[in-house]
Structures are given as structure tokens and as C-alpha cells.
Amino acid sequence: MFDHFVVPDLLPAAPEIFLVVMALAILLIDLFVKDSRRTLTFSLSVLTLLGCAVIQVWTRIGGVAYMELDGDIYPIIRYFANAEGVVYTFSRMFVDDLMSDVLKLFLYATVIIVLFYSRAYVIDRNEMNKGEYYVLTLFATLGMMVMISANHFATVYIGIELLSLSLYAMVAMNRTSLAASEAAMKYFVLGALASGLLLYGMSMIYGATGTLEITAIAARLQDANGNLLAFGLVFLIAGLAFKLGVVPFHMWIPDVYHGAPTSVTLLIGSAPKLAAFAVAMRLLVGGLFDMAGDWQAMLVIMAVLSMAIGNLAALVQTNIKRMLAYSAISHMGFMLLGIVTGVVNGNPANALEAYSSAMFYVVSYVLMSLGTFGMILLMARAGFEADTLDDFKGLNQRSPWFAAIMMMLMFSMAGIPFFVGFFAKLAVLQVVIAAGYIWLAIVAVLFSLIGAFYYLRVVKLMYFDAPQDETPIVASADMRLLISANGVAVAAFGLFPGTITVLCLFSLAHSF
């Protein structure tokens, strides 16, 4: 009866399996850990993510082990002899390719940095200093890993829901905060609506193609019902737009960024962008590439509106978390420009450069976002959130070094030479111009100039205004070192942007 039963190849999903086992183990171990010794839970969480990174690299570089059974030799661990290997498992629902490996490594690094930045903030707030905070972070990471490697509509949905449910709980973790509870409720309601739109779009595409596998959909588009496909595509784009946080599905971002604890805002504003980009690539490029003319038209409108509304709304904000929320909307709109210029009049010659520029932009934005929210956490202390623009007044007088770090981050966000943000914008603008969308490049530059105002306003407050609070900035050595490294990285990758650019280009070239 088991003649046709095939055990799935577990190696491509080894990091996910390891993360699940460790998250459950940490949840049990934490039951016996006192609040005063919560450092153990933190350390185990960081070690888990480092372990995932090691396994991710090992499965790509390879190793061979053999097991002798009944006189025969069976390979139990496959060797990846070349970096071009694209491996499917779990009935082709899960894919391991170079893009997924690169994005997951960036993801592990991002979440580790988030945990280090959040450590002091969480300890100062006893209601958040629980093992559940770290376990939920790991499960959110697992959801993002599944999203990155999804090759099936069901896998995409499972990954999105695992991420979303973890974040809903984390936003509401500070139960004494009415703002956090309100933000969690808004996030939950709008997130459920977006999931419904996404599922509805998936069901329409399934009805048209007869399959839920993303790569199989690409092969069946020519024979599918065009009207049904177009109908499903609209709802699919709507669900994706919510996860990316672009107009007109951006309503949740300012309230959630503002109301959530800053450590949770840091997580929401960084790592999920990597996973959302991966899902967009899987669905739109991997599955619906032949419909590029249809979905590119929708994304152009979303991109322009996101840059417009995001930058204009950010101008009038006095809360830096809300300002960065609208900034995130504009940045994701800018990133979409790379995706929408991949195919021009049916010609995909520009596709690889365009999609790699979008990936470069996402990675650069995550690096800048980590540093910016990290600075907010650095300045926060028990009973003080440091989340208004006025809290940054006179920072240069309190700490010239950290004022310089924040200045570099703001310059990079604004796209001022020669920081990584400038080259990320330049890469996208180059592919937009190469595709012939001169008007779109002009619009993007104009809105970037508008956006530069609110970034430079933070620099002005730090260097030219008197401090309202002269309390010394107290932070652990690891926090100071990591923030400094984050700021230096923004400058260093600006001087050597080719490091990330080539990595993005190579990973996409060997994945699609």
C-alpha cells in the first residue's frame, strides 16, 4: 500500500524545520525561566537564527552523507554542486533557489539586528519582557521564510497568515496601551480584509487555470479564460499591495507604526518587506509573467500614488514613527518602479536588470529602516518613547557620534550621494529610463525632492536646535556597536554598491 508513497525531500526546508523545532523548544524552556533571567530566551532566539543561516549556507554549498541499507547506498543529503540549482519539494509547493537563499540570509540578519535593538526596550517594559515576544518573533520569521520559498498559492497563504497572526499579537502585547490595542485591532481587521481579497483572487486564477502551483500557472495562461484571469489578477494585486503597504491599501501603516511598541514597529517596518518582495516576484514574475502588460499598468498607478501620498503626508507629521510610516509607503512605491519596467511592449529584455534593481532597493531600504528605528530605540528609556521629532532636537550636543549616524541614515533615506539610498534610487531610475518611461522617472525624482525635506528637517533639529532633554544617552555596548555598524554600513555600501547589486542580479538570474 506504500508503493507509491514518496517521502518529500526535507533538505531544502531544513532551515524552516530547524526554526520550528527551536521555537517550540524555546517556548517550553521559557516556562522555567524567571523574568530576571530572560536573557536566556533572547540568546537562544539569536542562536536559532544563526543556526538557520548556517544551515541555509550549508544546503547551498553542499555536503554528502550516505546510509547503507540492505547492501545499497542511498544518498540522504543531496549535494548542490552548482549555485544554479533550483529544487522543488513537498509536491512542488516549496522551492529552494538562489533568490530564496539570499533573501533568507538577509532576513536572518535583519531579525537578529531587530532582537538586539529591541532588547533594552523590552526589558524596560515588564509587560513585554516575556518569552512570547521572542517566540512570536521566531514564528513571524518562519512565516516570512515560507513566503520567500512559496511555489503554491496555499503555501503563500500559509506564510502570510503565520506572519500576520504573529504580528497582530505582538502589536497588542503592551496590554496597558490603548494606542497599541487600537493599532492591533485596525491591523487585524484590515489584514483579514486583505487576506480575503488575496484568497478571492487566487480562487479566480485557480478557476481559470485549474492549478494552484505557481510555475504550472505560467504554463497554462495561454489556454486559460482571459476575463477570469484578469478578474482574479485585480484581487491578487490588491492583496499584495496591502502586504507591501502601497496606496490605496496603505491605511493601516501610519496607525500601526504609531500605535505599536517601537520594537514591534521596527520588526514590521523591516523584515516583512523582504518577504513581500519575494511573494510579488513569485506570483507576478514566476506565475503571471505573460500577463505583465496587465499587472504593470496597475502597479504604475499604485507606484505614483504611493510616492505622492507618502511624501506629501510625511511633510506634516510631528511624530517620527508616523513620518517613517508614510516614508515607507513612498519607498515601496519607488521600489514598484523597478518591477513595472521589466517588460516593455512585450519585450522582456530589460527584465533582469529591472527586477534586480527592485531587489537592491528593498534590501537597501531594510538596512536604512533598521538604523533609523534603532536610533529611536537607542534614545528611548523606561517611560519615554522618543517618538516625536522634537525629541531629536539638539542631539548633536548630547552625542555627536549618534547625531552623525542619524544624519547618515537620513541622507541615505533622502537619496543624497554617496550613501546606499542614493544608488538604490539611481538603479531604479536607470531601468525606468532604459524602459522609455521618462515621465515616470521625472515624477519619481520630483517626489524624492519633496521627500528630502522631511529627512533634512530631522538633521536640522539635531544640529541647529537646542535640546529639550539633556538626559545622557545610555545604551549597552552591543547596542552602541550595532547602531554604529549600521550607520557605517549605509555609508560603506554607498561607496561600494556593486557588492549588493551583483548579488541581487546573480541570484535572480539563476532563479527565474
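The values are calculated or read from the model by the stated rules, or taken from the named source; none is laboratory data. This structure is a prediction, so every number in the text was calculated from the model and none was measured. Neighbour counts run over all protein chains shown; Cβ positions are idealised from the backbone, glycine included. These accessible areas exclude ligands, DNA and RNA; they are computed on the full protein's heavy atoms, side chains included. Shrake-Rupley method; radii C 1.70, N 1.55, O 1.52, S 1.80 Å.
Under 6 Å by Cβ, and 6 or more places apart or on different chains, what pairs join a residue from the range 266-284 that is free of Cβ contacts under 8 Å to residues at least 12 places away in the same chain with one that is among the small types (Gly, Ala, Ser)?
Filtered contacts from the range 266-284: no entries.
In the list GLY415, GLY498, which residue meets the criterion of being out of contact with any Asp or Glu (no Cβ under 8 Å at 6 or more places or on another chain) and at positive phi?
Values: GLY498 fails: at positive phi.
On inspection, the qualifying residue turns out to be GLY415.
Quickly run through the range 336-350 and pick out the residues that are open to solvent by 10 Å² or more (accessible area, probe 1.4 Å), outside any loop (DSSP other than H, G, I, E, B) and either under 30 Å from ILE405 (Cα atoms) or not β-branched (Val, Ile, Thr) (or both). Before you say what the answer is, go through the steps one by one.
First pass over the range 336-350, keeping only residues open to solvent by 10 Å² or more (accessible area, probe 1.4 Å): 343-350.
Next, only the ones that are outside any loop (DSSP other than H, G, I, E, B) stay: 344, 347-350.
Answer for the range 336-350, where residues must be open to solvent by 10 Å² or more (accessible area, probe 1.4 Å), outside any loop (DSSP other than H, G, I, E, B) and either under 30 Å from ILE405 (Cα atoms) or not β-branched (Val, Ile, Thr) (or both): ASN347, PRO348, ALA349, ASN350.
Condition first: touching a Phe, Trp or Tyr at 6+ places or on another chain (Cβ under 6 Å) and either in a helix (DSSP H, G or I) or among the hydroxyl-bearing types (Ser, Thr, Tyr) (or both). Can you find one or more residues in the range 465-477 that meet it?
No, the range 465-477 contains no residue that is touching a Phe, Trp or Tyr at 6+ places or on another chain (Cβ under 6 Å) and either in a helix (DSSP H, G or I) or among the hydroxyl-bearing types (Ser, Thr, Tyr) (or both).
Among the residues of the range 122-129, is there at least one that is open to solvent by 10 Å² or more (accessible area, probe 1.4 Å), more than 24 Å from LEU367 (Cβ to Cβ), in a helix (DSSP H, G or I) and not hydrophobic (A, V, I, L, M, F, W, C)?
Keep residues of the range 122-129 that are open to solvent by 10 Å² or more (accessible area, probe 1.4 Å), which gives 123-127, 129.
Restricting the remaining residues to those that are more than 24 Å from LEU367 (Cβ to Cβ) gives 123-127, 129.
Imposing the further condition that a residue be in a helix (DSSP H, G or I) reduces the set to 123-124.
Then keep just the ones that are not hydrophobic (A, V, I, L, M, F, W, C); that gives 124.
Yes, there is a match, as at least one residue in the range 122-129 is open to solvent by 10 Å² or more (accessible area, probe 1.4 Å), more than 24 Å from LEU367 (Cβ to Cβ), in a helix (DSSP H, G or I) and not hydrophobic (A, V, I, L, M, F, W, C).
Anything in the range 450-486 that is under 21 Å from PHE334 (Cβ atoms) and either among the basic types (Lys, Arg) or open to solvent by 60 Å² or more (accessible area, probe 1.4 Å) (or both)? List them, or say none.
Answer for the range 450-486, where residues must be under 21 Å from PHE334 (Cβ atoms) and either among the basic types (Lys, Arg) or open to solvent by 60 Å² or more (accessible area, probe 1.4 Å) (or both): PHE453, LEU456, ARG457.
With ALA180, ALA109 as the choices, which residue is closer than 24 Å to LEU19 by Cα, in contact (Cβ under 8 Å) with a residue 24 or more places away in the chain and of a type in the set (Gly, Ala, Ser)?
Values: ALA180 fails: closer than 24 Å to LEU19 by Cα.
On inspection, the qualifying residue turns out to be ALA109.
What tally of residues in the range 435-449 results from selecting those that are buried (at least 16 other Cβ atoms within 10 Å of the Cβ) and more than 24 Å from the chain's Cα centre (by Cα)? Show your work before the answer.
Narrowing the range 435-449 to residues buried (at least 16 other Cβ atoms within 10 Å of the Cβ): 435, 437, 440-441, 443-444, 447-448.
Narrowing the set further to residues that are more than 24 Å from the chain's Cα centre (by Cα) leaves 435, 437, 440-441, 443.
So the answer is 5.
Considering every residue within the range 23-39, establish whether at least one is open to solvent by less than 50 Å² (accessible area, probe 1.4 Å), at pLDDT below 85 and hydrophobic (A, V, I, L, M, F, W, C).
So the first thing to find is which residues in the range 23-39 are open to solvent by less than 50 Å² (accessible area, probe 1.4 Å), and the list is 23, 25-26, 30, 33, 38.
Retained after the next criterion (residues that are at pLDDT below 85): 33, 38.
Applying the additional criterion that residues be hydrophobic (A, V, I, L, M, F, W, C) yields 33.
Yes, there is a match, as at least one residue in the range 23-39 is open to solvent by less than 50 Å² (accessible area, probe 1.4 Å), at pLDDT below 85 and hydrophobic (A, V, I, L, M, F, W, C).
So is ILE301 without any contact (Cβ under 8 Å) to a residue 12 or more places away in the chain and in a helix (DSSP H, G or I) or not?
Details: without any contact (Cβ under 8 Å) to a residue 12 or more places away in the chain: yes; in a helix (DSSP H, G or I): yes.
Against the criterion (without any contact (Cβ under 8 Å) to a residue 12 or more places away in the chain and in a helix (DSSP H, G or I)), ILE301 qualifies.
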